[in-house]
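Asker: Got a structure for you, written out below as structure tokens; questions coming shortly.
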Amino acid sequence: MKHNRAVVVFSGGQDSTTCLFWAKQKFDEVIAISFDYGQRHVKELECAKAITKKYGIEHHILDMSLLGQLAPNSLTRIDMEVDHDAPEEGTPNTFVDGRNMIFLTFAAVFAKQREIHVLVTGVSQSDFSGYPDCRDVFIKSLNTSLTLAMDYEFEIMTPMMWIDKKETWEFADQLGVLDIIKNETLTCYNGIIGDGCGDCPACKLRKKGYDLYIQEKEASK
């Protein structure tokens with residue numbers, strides 16, 4: 001299998017942007033693919049467009065608005081408040097049923113038409129926030145299913161699967177893109193680029209990881 005081209009599932013957030021720059025260094029050609037699934041903040045897609053345009057990466061946006069209609073959640077419904085704490089049972093209401101499975105499936109269809117075998121996604125089991133479709137076992141299962149379904153060999157690469165948010169910031173620093181990730185990505189559930197609102201679960205997780213990494217980096221000097 002040739003590993004010189006890759007399709008990156010790209011949201012414009014911290015993890016997927018770090019993966020995008022990782023792929024940009026690793027592969028000769030990288031294509032970013034984003035999904036409009038009715039997310040409450042169009043800024044997410046605007047952010048993805050801005051990053052890919054600025055750094056010269058081919059970018060496509062696919063319409064997945066039906067997903068938001070089928071699976072009500074606080075990321076697509078403005079009348080639902082975002083869960084700030086993980087529920088005792090079940091998944092948080094920021095979980096979108098089937099999202100990663102659908103995104104990776106359509107990314108695979110897209111990739112096959114261009115004779116690309118590698119898909120890259122920023123999912124992490126270490127900081128998966130209770131999302132079952134971020135687990136390694138799911139990714140491996142889907143990888144097998146996609147290969148069988150299309151009779152075409154895929155490899156889903158997950159460079160962040162076993163690292164936490166502190167290590168994610170370290171990874172970005174090693175890639176030389178720490179400032180880009182900190183200032184130009186959108187992780188915030190309230191649609192604020194960079195450091196975000198500071199209050200939603202995504203912002204808290206992001207800030208905690210950044211602070212830990214910077215403290216460790218300063219202590220090692």
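Asker: Would you be able to say whether some residue in region 94-105 is open to solvent by less than 60 Å² (accessible area, probe 1.4 Å) and at pLDDT 95 or above? Full working, then the answer.
Answerer: Residues of region 94-105 that are open to solvent by less than 60 Å² (accessible area, probe 1.4 Å), as a first pass: 94-96, 98-100, 102-105.
From the residues that got through so far, the ones that are at pLDDT 95 or above too are 104-105.
Yes, region 94-105 has at least one match.
Asker: Continuing with the same structure: Select from region 1-35 the residues that are touching a Ser or Thr at 6+ places or on another chain (Cβ under 6 Å) and part of a strand (DSSP E or B) and write down the one among them that is surrounded by the fewest Cβ atoms within 10 Å (Cβ to Cβ).
Answerer: By that ranking, first place goes to Val9.
Asker: Does region 110-144 hold any residues that are among the hydrophobic types (A, V, I, L, M, F, W, C), over 23 Å from Lys24 (Cβ atoms) and either open to solvent by 30 Å² or more (accessible area, probe 1.4 Å) or assigned to a loop (DSSP other than H, G, I, E, B) (or both), and which are they? Give the steps one after another, and end with the answer.
Answerer: Taking region 110-144 first, the residues among the hydrophobic types (A, V, I, L, M, F, W, C) are 110-111, 116, 118-120, 123, 128, 134, 137-139, 142.
Retained after the next criterion (residues that are over 23 Å from Lys24 (Cβ atoms)): 128, 137-138, 142.
Across region 110-144, the qualifying residues are Phe128, Val137, Phe138.
A quick yes/no check of all residues on (1) open to solvent by 80 Å² or more (accessible area, probe 1.4 Å); (2) in a helix (DSSP H, G or I); (3) in contact (Cβ under 8 Å) with a residue 24 or more places away in the chain:
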{"residue": "Leu146", "(1), (2), (3)": "no, yes, yes"}
{"residue": "Glu153", "(1), (2), (3)": "yes, no, yes"}
{"residue": "Met161", "(1), (2), (3)": "no, no, yes"}
{"residue": "Lys182", "(1), (2), (3)": "no, yes, yes"}
{"residue": "Gly196", "(1), (2), (3)": "no, no, no"}
{"residue": "Arg206", "(1), (2), (3)": "no, yes, yes"}
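The values are calculated or read from the model by the stated rules, or taken from the named source; none is laboratory data. Computed from a prediction, not measured in an experiment: that's the story for all the values here. Note that each Cβ is placed from the backbone with ideal geometry, even for glycine, and that neighbours are counted across all protein chains shown. For accessibility, only protein heavy atoms count, side chains too; no ligands or nucleic acids. Shrake-Rupley method; radii C 1.70, N 1.55, O 1.52, S 1.80 Å.
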